[in-house]
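First comes the structure, then the notes that go with it.
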Amino acid sequence: MKPSTLYPLRFEPIYQYRLWGGWRLAEWLTAPLPGDEPIGEAWLLSDRDDHPSVVSEGPLQGQTLGQLIDQSPEPVLGKLAGRFHRFPLLLKFLDVNDTLSVQVHPSDRQTQYIPAGETGKTEAWVVLEAGTKSRIYAGLNLGTTSENLRDAITNGTVADHLPSFRPKSGDSVLIPAGSVHSLGDLVVFEVQQNSDVTFRLYDWNHIDSKTGQPRPLQVQQAMACIDFEQGAIEPVMPIVEDQAPVLRERLLSCEYFGLRRLSGDSPFTVGATREPRVLVSIGGEGQLEHDGANYDLGKGDVILLPAVVGACCCRPRGAMILLELSLPEGA
């Protein structure tokens with residue numbers, strides 16, 4: 001594949017049944033929800049063998065993200081091509097209608113709990129919709145130990161050890177690997193390391209309607225991965241980097257990803273030289289201009305800008321809000 005054949009890429013969403021899910025993602029994505037089961041996750045950008053993202057339009061329609069990286073690592077990943085053999089992040093929309101299990105993910109250092117081919121899992125959320133019963137549980141209360149947490153699992157009082165807050169639309173929350181967490185009655189955008197390793201500590205007595213049984217817990221592994229020094233986790237305060245021609249706020253920056261929010265109604269620049277970027281439209285609409293072509297951007301649209309695409313002009317039609325995601329060296 002010639003670098004010139006790459007362009008701003010859209011991918012088909014990959015819907016996932018979850019017993020705690022709902023139907024609110026139909027308001028965020030144009031692809032219809034499958035069947036009548038609750039959908040908890042839409043995987044927006046996934047370079048995984050089990051659920052690969054597929055280009056949805058243009059000359060490269062039908063190609064997977066993994067195929068594009070294998071064929072053109074530097075045009076896709078730019079100066080990061082030597083660091084990654086696959087796209088290192090997994091992007092999702094979550095509709096958490098009920099409450100997510102209380103869970104924890106291992107860090108990269110805890111290799112004994114990470115299957116071959118996986119990594120640790122630091123993740124972050126940006127709240128898109130908050131319901132009347134919305135809640136985020138993140139971290140542990142001071143004084144929580146493995147002993148009293150095990151007792152709480154047995155007697156159903158785990159929530160007593162979890163600091164929590166009621167989130168609002170626009171809040172961003174960083175969940176480092178090893179942090180105990182859960183959330184409920186929310187629609188969020190999630191960015192995470194490209195890993196599917198989760199250990200359930202407690203599941204609120206959920207029964208899976210497909211099996212009629214509680215879901216399995218992984219208490220031993222979860223306990224081993226918990227960072228008991230992690231206190232309460234609160235929303236991250238945005239840092240204003242620029243106010244014109246667009247309000248540019250840094251929401252999150254860690255060793256795995258960077259995330260900015262761009263808000264405005266005047267034309268502004270997105271993308272970067274020799275770095276891939278991902279755009280997630282969360283409000284309003286507009287057009288992205290590249291190489292003489294226009295690409296529509298509306299609520300819920302997700303576009304990967306391969307590194308070779310570089311900087312582009314985004315032209316809003318009225319007020320618009322974009323999230324722009326960068327990989328580590330561009331954070």
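One residue alone among VAL191, VAL187 is part of a strand (DSSP E or B), within 18 Å of ARG261 (Cβ to Cβ), touching a helix residue (DSSP H, G or I) at 6+ places or on another chain (Cβ under 7 Å) and not small (Gly, Ala, Ser), and that residue is VAL187.
Which one of these is modelled with pLDDT of 95 or more and either hydroxyl-bearing (Ser, Thr, Tyr) or surrounded by fewer than 16 Cβ atoms within 10 Å (Cβ to Cβ) (or both): PRO235, PRO267, PRO276? Quick ask: steps written out before the conclusion?
Working: PRO235 fails: either hydroxyl-bearing (Ser, Thr, Tyr) or surrounded by fewer than 16 Cβ atoms within 10 Å (Cβ to Cβ) (or both); PRO276 fails: either hydroxyl-bearing (Ser, Thr, Tyr) or surrounded by fewer than 16 Cβ atoms within 10 Å (Cβ to Cβ) (or both).
Residue meeting the stated conditions: PRO267.
Criterion applied to ALA244, ALA224 was being part of a loop (DSSP other than H, G, I, E, B) and of a type outside the set (S, T, N, Q), and the one residue passing it is ALA244. Among the residues of segment 92-128, just one is among the acidic types (Asp, Glu), buried (at least 18 other Cβ atoms within 10 Å of the Cβ) and either within 18 Å of PHE199 (Cα to Cα) or free of Cβ contacts under 8 Å to residues at least 40 places away in the same chain (or both), namely GLU123. Only a single criterion out of (1) part of a loop (DSSP other than H, G, I, E, B); (2) modelled with pLDDT of 95 or more; (3) surrounded by fewer than 21 Cβ atoms within 10 Å (Cβ to Cβ) is not satisfied by ASN205, namely (2).
May I ask you to list the residues in segment 84-104 that are in a strand (DSSP E or B) and of a type in the set (Gly, Ala, Ser)? Full working, then the answer.
Taking segment 84-104 and keeping what is in a strand (DSSP E or B), we get 89-99, 102-104.
Scanning segment 84-104 gives no hits.
All of LEU19, LEU44 fail the test of being closer than 30 Å to GLY310 by Cβ and not in a loop (DSSP other than H, G, I, E, B), apart from LEU44.
The lone criterion from (1) outside any strand (DSSP E or B); (2) in contact (Cβ under 8 Å) with a residue 12 or more places away in the chain left unmet by ASP70 is number (2).
With ALA42, ALA81, ALA31 as the choices, which residue is exposed (fewer than 15 other Cβ atoms within 10 Å of the Cβ) and among the aliphatic types (A, V, I, L, M)?
Values: ALA42 fails: exposed (fewer than 15 other Cβ atoms within 10 Å of the Cβ); ALA81 fails: exposed (fewer than 15 other Cβ atoms within 10 Å of the Cβ).
Unique residue meeting the criteria: ALA31.
Residue by residue, here is whether (1) within 22 Å of the chain's Cα centre (by Cα); (2) under 20 Å from GLU241 (Cβ atoms) holds:
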residue	(1), (2)
GLY264	no, yes
VAL280	yes, yes
ASP291	no, no
MET320	yes, yes
LEU327	yes, yes
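Scanning segment 298-323 for residues that are of a type in the set (A, V, I, L, M), in contact with a helix residue (DSSP H, G or I) (Cβ under 8 Å, 6 or more places away or on another chain) and under 25 Å from ALA42 (Cα atoms) turns up LEU304, ALA307.
Please specify each residue of segment 146-180 satisfying the condition of being assigned to a loop (DSSP other than H, G, I, E, B) and either farther than 16 Å from TYR202 by Cβ or free of Cβ contacts under 8 Å to residues at least 40 places away in the same chain (or both). Give the derivation first.
Let us first name the residues in segment 146-180 that are assigned to a loop (DSSP other than H, G, I, E, B), namely 156-157, 162-163, 166-171, 176-180.
Across segment 146-180, the qualifying residues are THR157, ARG166, PRO167, LYS168, SER169, GLY170, ASP171, PRO176, ALA177, GLY178.
Would you confirm whether or not segment 279-286 contains a residue that is free of Cβ contacts under 8 Å to residues at least 40 places away in the same chain and part of a loop (DSSP other than H, G, I, E, B)? First the steps, then the outcome.
Looking only at segment 279-286, we keep the residues that are free of Cβ contacts under 8 Å to residues at least 40 places away in the same chain, and these are 283-286.
If we keep only those that are part of a loop (DSSP other than H, G, I, E, B) too, we end up with 284-285.
For segment 279-286, residues free of Cβ contacts under 8 Å to residues at least 40 places away in the same chain and part of a loop (DSSP other than H, G, I, E, B): present.
Identify, please: which residue in segment 293-311 is of a type in the set (Gly, Ala, Ser) and without any contact (Cβ under 8 Å) to a residue 40 or more places away in the chain and is, among those, surrounded by the most Cβ atoms within 10 Å (Cβ to Cβ)? Only one residue fits best here, namely GLY310.
Within segment 248-267, residues that are free of Cβ contacts under 8 Å to residues at least 60 places away in the same chain reach partners that are basic (Lys, Arg) and part of a strand (DSSP E or B) with beta carbons closer than 7 Å, at six or more positions or on different chains, in the pairs ARG248/ARG260; GLU249/ARG260; GLU249/ARG261; ARG250/ARG260; PRO267/ARG315. Among the residues of segment 134-159, which ones are over 23 Å from LYS121 (Cα atoms) and exposed (fewer than 12 other Cβ atoms within 10 Å of the Cβ)? Hits for segment 134-159 are LEU142, GLY143, GLU147, THR154, ASN155, GLY156. Of all residues in segment 302-331, those satisfying the criterion of being modelled with pLDDT of 95 or more, in contact with a Phe, Trp or Tyr (Cβ under 9 Å, 6 or more places away or on another chain) and not hydrophobic (A, V, I, L, M, F, W, C) are PRO306, ARG315, PRO316, SER326. Give segment 10-40 a look and list any residue that's in contact with a helix residue (DSSP H, G or I) (Cβ under 8 Å, 6 or more places away or on another chain) and of a type in the set (A, V, I, L, M, F, W, C), or say none. Selection gives PHE11, LEU33, ILE39.
The values are calculated or read from the model by the stated rules, or taken from the named source; none is laboratory data. Treat the numbers as computed from the prediction; the structure is a model and nothing was measured. Glycine gets a Cβ as well: all are built from the backbone with ideal geometry, and neighbour counts include every protein chain shown.
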